[in-house]
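Comments concern the structure below.
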Amino acid sequence: MSHDKTATTAVRAGIDSDTQHGAVVPPIYLTSTYSFAGFDEKRQFDYSRSGNPTRNMLGAAMADLEKGAHGVVTACGTAACHLATMLLDAGDLLVIPHDCYGGTYRLFTNLAAKGHFRLEIVDQHDEVALAKALAQKPKMVWVESPSNPLMRLVDIAKISELSHQVDALVVVDNTFMSPALQQPLTLGADLVVHSTTKFVNGHSDVVGGCLIAKSEEIGEQIAWWSNCIGVTGAPFDSYLTLRGIRTLLPRIRQHEENAKVLVEVLGQHPKVSAVHYPGLESHPSHELAKRQQFGFGGMVAFELDASLKEVKEFLAALKLFCLAESLGGVESLIAHPATMTHAAMDESARLAAGITDNLLRLSVGIEHVDDLKADLDAAFAAIA
Ligand code: PLP
């Protein structure tokens, strides 16, 4: 867990800032528009696409948590990814990992096909392939660490240094970690993107996103573009997400504690052929995870040594782990990436990224871990 003041920053975001009534919890501003004080006398806010007190408070909290200069709250994580590409001109090169979230992959491949920018898809663990991509002088390098769903890590400090040598901006998708477990801007990245839908809000009741810039200058650019293309988030969603953020650190602590127990259960089961969790000493990036993360988190992927029929029976036997998209909520979820989160990738790209039909992804919730263990045991019994 982050050793600095992150817990305090998360709990205190906007607390006791209401000057009108002294409300301890900041009020929500649901208005779409604001009156002018007089002719040509705009107040701080004029229209809620451009600015809203509740949304701005969440943006400031995210910037504080990620140690950035400015945070722009968007309608979803995908909108935050889209917003980052507004920093690219037609002809600029964007380098992305071959194993990123399927929706991000779909967004970038389709925008590139329309000529918004050029795209190079690389395995960022392949140093030769990465060096080749960087030699083409990209304008932006995209990193997702740990990756969804296979929990592969990229050395953020190293890739930032190499990218800066060719003047590329580095964007890190920090959705799987949240600022409680990783702060990419302090490792050298220029921008951080979040699907706040996940751990940041943490209650599976809001779809939201955020793009945070390390510098004021880029912060101003993304704020301008967010209004121009209209991707800003709703005030009510921002209010709920601010509420979720207050418990981010204790939630993450419990997610991780439970995940570690389940990883052990999975690792010992004869029906499991592989467990992907950076907290395992056998994970190829365990040492890197210890260095660049403050913990290992609550996401676990594993491969069943089973036919697709058995995979379906395993999923059907689970009572607590809901078969559902998304992650990071207090409740436990399980996903079958090949047919769910990564269905937007064609089969060859999916298999190249290591997403096979027997791969499952757990978002480990904060229920009592004995109940989660029992649920997995019952599902294993169903395919014994
Ligand atoms: N990035 C990652 C790593 C994700 O897992 C997701 C969604 O699952 C997104 C971005 C997109 O976020 P949203 O669904 O809020 O648009």
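Every read-out reported here was derived from the displayed coordinates using simple, explicitly stated rules and does not represent laboratory data. Just so we're clear, the structure is a prediction, and the values are computed from it rather than from any experiment. Note that each Cβ is placed from the backbone with ideal geometry, even for glycine, and that neighbours are counted across all protein chains shown.
With each label modelled as a point 7 angstrom along the Cα→C-beta vector, the Lys312-Leu30 pair spans 4.5 nm. The HN-Hα couplings worked out from phi for the range 206-213 by the Karplus form 6.51 cos²θ - 1.76 cosθ + 1.60 (θ = phi - 60°) are 9, 9, x, x, 7, 10, 10, 9 Hz, whole numbers, x standing for Gly and Pro. Using R₀ = 22 Å, calculate the FRET efficiency as 1/(1 + (r/R₀)^6) where r is the Cβ-Cβ separation of Glu220 and Lys290; round to 0.05. Given R0 = 22 Å and the Cβ-Cβ separation, E is 0.05. Separation of the range 317-379 from the range 173-210 is 20 Å, based on Cα centroids. Only helical runs count toward this figure. For the chain, summing -39,500 (n - 2.57) over DSSP H runs of n ≥ 4 and dividing by all residues gives -11500 deg cm²/dmol at 222 nm. Relative contact order of the range 249-382: 30 percent, from C-alpha pairs under 8 Å at least 6 residues apart in sequence.
When a footprinting reagent is the concern and you count Cβ atoms within 10 Å, what order do Thr241, Thr78 take, fewest first?
Ascending Cβ contact count within 10 Å gives the list Thr78, Thr241.
Sort the chain into rounded, prolate or oblate with this rule: let a ≥ b ≥ c be the square roots of the eigenvalues of the Cα gyration tensor; rounded if a/c is under 1.5, and if a/c is not under 1.5, prolate when a/b is larger than b/c, oblate otherwise. The shape class here is oblate. Under the criterion of Cα pairs below 8 Å and six or more residues apart, the relative contact order for the range 81-137 equals 39 percent. Fewest neighbouring Cβ atoms within 10 Å first, the residues Phe199, Phe296 line up as Phe296, Phe199.
Within the range 140-275, antiparallel bridges make up roughly 40 percent of the DSSP beta bridges whose residues both belong there. Here the residues Tyr239, Tyr29, Tyr47, ranked from fewest to most Cβ neighbours within 10 Å of their Cβ, fall in the order Tyr47, Tyr29, Tyr239.
Taking Cα pairs under 8 Å and at least six residues apart, what relative contact order does the chain come out at, in percent? Once divided by the residue count of the chain, the mean separation gives 18 percent. For the chain, the longest principal axis of the Cα atoms and the long axis of helix 156-165 meet at an angle of about 60 degrees.
Show me 206-215, 276-285, 53-62, 327-336 ranked by packing, highest mean number of other Cβ atoms within 10 Å first.
My ranking of the peptides, most packed first, is 206-215, 53-62, 327-336, 276-285.
Under 5 Å between amide hydrogens, built in the peptide plane, is the criterion, and for Leu169 it picks out Met140, Val141 among residues at least 5 positions away or on other chains. Between Met340 and Asp18, the modelled label-to-label distance comes to 3.8 nm, taking each label 7 Å out from Cα in the direction of the beta carbon.
Between Asp40 and Glu331, the simple label model (points 7 Å from Cα in the Cβ direction) yields a spacing of 5.6 nm. Between Arg106 and Ala324, the FRET efficiency from the beta-carbon distance, with R0 = 25 Å, is close to 0.80.
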